[in-house]
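J.: Before anything else, here's the structure in question.
The values are calculated or read from the model by the stated rules, or taken from the named source; none is laboratory data. Quick caveat, the model's predicted, so the values are computed rather than measured. As a convention, Cβ positions derive from the backbone with ideal geometry for all residues, glycine included, and neighbour counts pool all protein chains shown. Accessible surface areas use protein heavy atoms only, side chains included; no ligands, DNA or RNA. Shrake-Rupley method; radii C 1.70, N 1.55, O 1.52, S 1.80 Å.
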Amino acid sequence: MKVLIHPTEDAAADCVANLIAARLVQQPDTVLGLATGGTMEAVYRRLIGLSQQGRTSFAGVTSFNLDEYVGLPPTHPQSYWQYMRQHLFDHVDIDQTRTHLPLGNTPDPAAEAIRYEAAIRAAGGIGLQLLGLGANGHIGFNEPTSSLASDTRIKTLTRSTRDANARFFASLDEVPRLAITMGIGTILRSDEVLLLALGTAKANAVARMVEGPVTAACPASALQMHRKVTVVLDEAAASGLALRSYYDEVHPAGRDPAS
Ligand code: F6R
């Protein structure tokens with residue numbers, strides 16, 4: 001795992017946006033795995049800016065989002081379809097017919113999950129997977145105790161995840177209890193992973209992901225088994241890391257000589 005620790009949230013978000021933009025310049029037909037959530041908003045704002053300045057383009061991209069709430073139609077204001085349109089798709093030159101999210105309001109969510117996994121495979125798999133991190137160590141909606149070999153499927157959200165996401169809904173009762181999510185196996189099959197975590201609320205999960213044992217109790221720890229993972233952090237999110245001086249020595253202030 002490459003661990004890049006930046007002094008501020010802004011610097012960390014800049015780093016992630018620049019890495020994605022550079023990848024799209026290098027490989028315009030990248031299959032991108034996308035995430036939602038508060039952390040990604042800063043990344044998408046920057047990508048819109050870079051795209052408007054002509055410094056990158058989404059024209060050749062195919063995208064697959066990690067997850068969607070079961071029960072919400074794509075038109076629901078809190079659906080991840082709407083999130084993606086609002087925060088990225090409507091503002092860049094992406095071909096929206098090549099953007100994919102699981103369909104939340106299907107009569108057969110289990111069949112939808114199987115269809116979605118097959119669609120990812122048919123597209124040749126994910127080239128670059130963008131991830132946020134749950135305070136409980138989830139990636140996508142793979143909650144603690146998720147199988148580390150899982151494919152896209154339905155997961156029941158934990159109370160802590162529903163509490164964390166209640167800020168986007170009128171009340172906790174409105175937060176769906178189920179989601180369709182790419183599995184940990186799906187994520188591990190991607191060619192490359194780029195994870196962004198910000199703030200002290202993520203510090204414990206970051207330490208367990210990077211330095212803890214590989215365990216279903218912290219699904220993100222499965223990323224230790226992936227060949228190419230870059231973890232981008234701000235100071236606060238990095239505050240629980242024991243090997244901090246090592247990361248600083250290899251990548252001072254989050255700089256990556258390889259990029
Ligand atoms: C979103 C997703 C989640 C979030 C995570 C962090 O598609 O899959 O894993 O990345 O819950 O969310 P924020 O950024 O809101 O703290």
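J.: For region 162-259, what Kirkwood radius comes out of the mean inverse Cα-Cα distance, in Å?
T.: So the Kirkwood estimate lands at 15.3 Å.
J.: Determine which aspartates and glutamates satisfy two conditions relative to Lys155: a Cα distance under 19 Å, and not lying fewer than 8 residues away in the same chain.
T.: Partners found: Asp67, Glu68, Asp108, Glu112, Glu117, Glu143, Asp163, Asp173, Glu174.
J.: Just the number, please: percent antiparallel of the DSSP beta bridges in region 116-225, rounded to the nearest 5.
T.: Of the beta bridges lying entirely in region 116-225, close to 60 percent run antiparallel.
J.: Taking K and R as +1 and D and E as -1, what net charge do the other residues with C-beta under 15 Å from the C-beta of Pro109 add up to?
T.: For residues surrounding Pro109, the net value is -2.
J.: Another question about this same structure. So what's the net charge close to Ile184: Lys and Arg +1, Asp and Glu -1, counting the other residues with Cβ under 13 Å from its Cβ? Could the numbers behind the result be given before it?
T.: Numbers: positive: Arg153, Lys155, Arg189; negative: Asp67, Glu117, Glu143, Asp151.
My count for the surroundings of Ile184 gives -1.
J.: What relative contact order, as a whole-number percentage, does region 30-172 give when Cα pairs under 8 Å and 6 or more residues apart are counted?
T.: Result for region 30-172 is 27 percent.
J.: If the reach is capped at under 16 angstrom between alpha carbons, list the lysines near Lys2, excluding any in the same chain fewer than eight residues apart.
T.: Lys2 reaches Lys228.
J.: Now a separate question. Over region 186-259, calculate the relative contact order: mean separation of alpha carbon pairs under 8 Å at least 6 apart, over the residue count, as a percent. Walk me through the intermediate numbers first.
T.: On the way: 83 pairs, mean separation 27.6, N = 74.
The normalised contact order for region 186-259 reaches 37 percent.
J.: Another one. Just grab the label-to-label distance for Ala11 and Ile154, each label 7 Å out from Cα along the Cβ direction, in nm (one decimal).
T.: So the two model labels end up 4.6 nm from each other.
J.: From the protein chains alone at 1.4 Å, what is the descending order of accessible area for Arg23, Arg255, largest first?
T.: Ranked list, largest accessible area first: Arg255, Arg23.
J.: Here is a follow-up. Report the extension gain between Ser245 and Arg115 in nm, rounded to one decimal, defined as 0.36 nm multiplied by the number of residues separating them, less their alpha carbon distance. Please list the in-between numbers first.
T.: Details: separation 130, 0.36 × 130 = 46.80 nm, distance 4.49 nm.
Gain on stretching Ser245 to Arg115: 42.3 nm.
J.: Now a separate question. Name the helices (complete DSSP H segments) of the chain with a Cα length along the long axis of 20 Å or more and a Kyte-Doolittle mean of at least -0.5, or state none.
T.: Helices meeting the criterion: 9-26, 38-52.
J.: Rounding to the nearest 20 debye, state how big the charge dipole of the chain is about its Cα centre with +1 on each Lys and Arg Cβ and -1 on each Asp and Glu Cβ.
T.: 280
J.: For the pair Asp173/Gln96, report the inter-label distance in nm, with labels modelled 7 Å from Cα in the Cβ direction.
T.: Output for this residue pair reads 3.3 nm.
J.: Pull out the extension gain between Ser57 and Ala217, defined as 0.36 nm times the separation in residues minus the alpha carbon to alpha carbon distance; nm, one decimal.
T.: That pair, Ser57 and Ala217, stretches by 53.8 nm at full extension.
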